[in-house]
Amino acid sequence: MIDFWLAAGLLLLIALSFLLIPVLRGRRAQREEDRTALNVALYQERVAELQVQQEEGVLNPAQLDTGRAEAARELLADTEGVEKPRESRLGKPLPLLAAFLVPVLGVALYLHYGASDKVELTREFSQPPVSMEDMTQRLERAAAAQPDSAEGLYFLGRAYMAQDRSADAAKVFERTVALAGRQPELLGQWAQAQYFADNKQWSPKVQALTDEALKLDPKEVTSLGLLGIAAFEGQRYQEAIDYWNRLLAQLPPQDNSRAALQGGIDRAAEKLKESGGTVAQKAVMKVRVDLSAEAKAKALPTDSVFIFARAVSGPPAPLAAKRVTVAELPITVELGDADAMMPQLKLSNFPEVQLVARISRAGQPTTGEWIGRSQPLASSTTALQQLTIDSPDQ
């Protein structure tokens, strides 16, 4: 910050020079004008003396003319090289006043409209924080300097959650949603913060937020984890297992949280058995999807491929679904309870299902150009199923 003010001071000095140099030049011109006036007065006095001497008979007319000529030459020599004084309509006080006001007004306008606080924040964030509290304070200052930054508010909310300040986090996430829109991830974060701010009491508000998040994205991880926690706390152990299995399916194999999540699933299963219940068996079906020669010739590598299972007798909505592209075919995928679009619509809840694979250039799962269907299968089938996309989608 010191470098900035030094540079600003140098620029101000340069600006002041344009105002003060004309004033200093004006003073020099005034001194030259005063000297010229004095020389003229001395010339007039010399001519007057010559006239008196001529009247007294000391000088004849020729000597008088010679004396006048000599005095005129001296006056010309004294005034030679003196510039004609330039007239200024501004006067002297105005440039001096401007020279004083320029730096004062410049500093005042910069402090009001400038970005010195943002420059300082940039410098501060370039250094690693010494503690979590230090990072939170920086994020708070950044949010104050840029109140319309949804990204800054989001990270501040995450920092509050890391410090168990869930009430503050809920308020910040609410502001983030207002700025960035009702995105599933933000709704999930807001619901989680609100749940812990309410001392782990499930409320209609939290339910509405998680419902909205999962409606927009059935795989939204924060909402799935939160619903599992709430179900476990409410001793609804099978629901907790179902939600956490869905979450587990979204995590990459190398994710460090998989072990902790699996531990939660195991504890929920133990609690369920202790209460006299039985853990519902998860249905998992493996299917290998490929293209017929005709479909391969007409499909584009970027076309979407929707692979899903639906109940033979039941709602038309998919029970489990995966999305890939034509370029990835042939491919083997698993469809199971963890891929359920809704908790009540799982493979294990329906005895017979049909496997479907559809190519859709528009990216719509309900309509497309090519389709492949299997015969009705038991949802408990474990053998690998072969599915070929070979028919125009009518």
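Taking every DSSP beta bridge that has both residues in the range 284-392, what percent is antiparallel when rounded to the nearest 5?
Beta bridges within the range 284-392, antiparallel portion: roughly 85 percent.
Send over the per residue convex hull volume for the range 131-234, Cα only, as a whole number of Å³.
89 Å³
On a full-extension model of 0.36 nm per residue, what is the gain between ARG182 and ALA317, subtracting their alpha-carbon distance, rounded to one decimal in nm?
Result for the pair: 46.1 nm of gain on full extension.
Run the numbers for ASP217 and GLU140: contour at 0.36 nm per residue of separation, minus the present Cα-Cα distance, in nm.
Full extension of this stretch gives 24.7 nm more.
With 10 angstrom as the radius, rank THR366, THR210, THR66 by how many other C-beta atoms surround their C-beta, starting from the fewest.
THR366, THR66, THR210
How do PHE308, PHE173 line up, fewest other C-beta atoms within 10 Å first?
PHE308, PHE173
Any chance you could check the Cα centroid distance between the range 314-339 and the range 345-383 for me, in angstrom?
When both Cα centres are located, 7 Å separates them.
Sort TRP370, TRP202 by Cβ crowding within 10 Å, fewest neighbours at the top.
Ascending number of Cβ neighbours within 10 Å: TRP202, TRP370.
Taking amide hydrogens as modeled 1.01 Å from N in the peptide plane, which residues meet the under 5 Å criterion relative to GLY336, leaving out close sequence neighbours?
MET285
Name the residues whose placed amide hydrogens come within less than 5 Å of the amide hydrogen of ALA299, ignoring near sequence neighbours (fewer than 5 apart) on the same chain.
Residues meeting the amide H criterion: none.
Taking θ as phi - 60°, what are the ³J(HN,Hα) couplings along the range 253-264 by the Karplus curve (6.51, -1.76, 1.60), each to the nearest whole Hz, with x for Gly and Pro?
After applying 6.51 cos²θ - 1.76 cosθ + 1.60, I find x, 8, 5, 5, 7, 4, 5, 5, 5, 5, x, x Hz.
Would you please classify the overall shape of the range 266-378 from the alpha carbon gyration tensor, given that a ≥ b ≥ c denote the square roots of the eigenvalues, rounded means a/c under 1.5, and beyond that prolate means a/b larger than b/c while oblate covers the rest?
Cα axes put the range 266-378 in the prolate bin.
Tabulate in residue order the Karplus-calculated ³J(HN,Hα) for the range 369-379, using 6.51 cos²θ - 1.76 cosθ + 1.60 with θ = phi - 60°, rounded to whole Hz; enter x for Gly and Pro.
Computed from phi, the couplings for the range 369-379 are 9, 9, 8, x, 10, 9, 6, x, 10, 5, 5 Hz.
Taken together, the values in this text are just the output of simple stated rules run on the coordinates, not laboratory data. Please read these numbers as outputs of a predicted model, since none were measured by experiment. Neighbour counts are summed over all protein chains in view; Cβ atoms, including those assigned to glycine, are modelled from backbone coordinates with ideal geometry.
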